[in-house]
Amino acid sequence: MLIDYVMLRVIWWFLLGVLLVGFAVMDGFDLGVSMLLPILAKNDGEKRLMINSIGPVWEGNQVWLVLGAGAIFAAWPTIYAVSFSSFYFAMLLALAGLILRPVSFKFRSKQEGLLWRKCWDNLLWVSGFVPSLIFGVAVGNVMQGIPFHFNDNLRVFYTGDFLHLLNPFALLCGLTSVFMFCMHGGLYLAIKTHDPLYKRAIRASRLAALLLFVCFVCGGLALMTFVKGYAVVGNIVHGAPSNPLHKVVSHTLGSWLSVYQHVPFAAIIPIMG
């Protein structure tokens, strides 16, 4: 029995959601520990303890991101093309940050000098902060809309620039991502370490959770007041291949929150968050 387009879309959206959520959960604490390294550790021994806590798992956790990008390319090549053309420089920064992490792990212990290790510790912090911020900024821009258009052959033409991506709402989403991963990293360290690093990790995770809550609420208020959302209007052909030229959308205030009027139980998701 062949699977129709409707069910196939549901399956692929589910798989994509699992992969991206899996990356946020599994690699989130890796990024958080990297950002907390110069804040929580008071000496080289504590830094080594924090680094060793994620050493055996960070490489496998990044596979979730690779699989997520591969799923987008396999199921929705048009979305893949739009995303990587619009966020090309931003993605380059994020990948550069992720590449710095294994380099910092390897080179930090090559010499005993304090300046040498401090330099790689700072780069390790950058490898956690930059991707965390960029991922949140990307989500914020997707919610606002990205300036691009298609020609008749569905070739993508991006009309924005990198600085346009760093708008206030996108940066708010970026800070939300940073605080979320810091909270995650602090809780992970609380499980993996002992006093006095354990107590510092608990305090850091609580502060990050408070800041995350504030940013989350501010983001919701922004969606209610000045960030316009998109909603498909007119008829949608569910049983045909995806083609963005066959859809018409409205760009109105409150569209992102209108889903809770039609599907009230969906409010459980942000409440749980």
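The values are calculated or read from the model by the stated rules, or taken from the named source; none is laboratory data. Here the structure is a predicted model, which means the values were calculated and not measured. Neighbour counts run over all protein chains shown; Cβ positions are idealised from the backbone, glycine included. Just the protein is used for accessible areas: all its heavy atoms, side chains included, with ligands, DNA and RNA removed. Shrake-Rupley method; radii C 1.70, N 1.55, O 1.52, S 1.80 Å.
The Rg/Rh ratio for region 1-77, using Cα coordinates for both the radius of gyration and the Kirkwood hydrodynamic radius, is 1.22. In this calculation the C-beta distance from residue 149 to residue 21 is compared with R0 = 30 Å, giving a FRET efficiency of 0.45. Between the alpha-carbon centers of region 167-221 and region 10-49, tell me the distance in whole angstrom. When both Cα centres are located, 12 Å separates them. Distance distribution P(r), region 61-156, all Cα-Cα pairs, bin width 10 angstrom from 0: 14, 36, 27, 14, 7, 1, 0 percent. Shown here: Cα extents along the principal axes in Å, derived from the displayed model; of the candidates (i) 64, 45, 36; (ii) 76, 37, 35; (iii) 46, 43, 36, it corresponds to (i). Applying the Kirkwood pairwise sum to the alpha-carbon positions of region 104-191 produces a hydrodynamic radius of 15.7 angstrom.
Average accessible surface for region 65-161: 54 Å² per residue, computed with a 1.4 Å probe over protein heavy atoms with every protein chain in place.
If R0 is taken as 45 Å, the Cβ-Cβ distance between residue 107 and residue 157 corresponds to a FRET efficiency of 0.65. Across the options 85, 211, 189, the greatest Cα extent toward the positive end of the charge dipole of the chain (unit charges at beta carbon of Lys, Arg, Asp, Glu) belongs to 189. When only the Cβ of Lys, Arg, Asp and Glu is charged (+1, +1, -1, -1), the dipole of the chain relative to its Cα centre reaches about 640 debye. Averaging over every viewing direction, what projected area does the convex hull of the Cα atoms of region 180-230 cover, in nm²? Mean shadow area of the hull around the Cα atoms is 3.9 nm². Solvent-accessible surface (1.4 Å probe) assigned to residue 119 amounts to roughly 70 Å². Of the solvent-accessible surface of the chain, computed with a 1.4 Å probe over protein heavy atoms with every protein chain present, carbon and sulfur atoms account for 72 percent. Loop-resident chymotrypsin sites (Phe, Trp or Tyr not before Pro) (DSSP state other than H, G, I, E or B) in region 64-101 with no more than 12 further Cβ atoms inside 10 Å of their Cβ are absent.
For region 134-273, the equivalent ellipsoid derived from the alpha-carbon gyration tensor has semi-axes of 36, 19, 15 Å in decreasing order. Just want the answer: with Cβ charges of +1 for Lys and Arg and -1 for Asp and Glu, which residue in 122, 240, 145 is farthest toward the dipole's positive end in the chain? About the Cα centre, the residue reaching furthest to the positive side is 122. Which one, 7, 164, 49, is farthest towards the positive end of the dipole of the chain when Lys and Arg carry +1 and Asp and Glu -1 on their Cβ? With unit charges placed on the Cβ atoms, the residue in question is 49.
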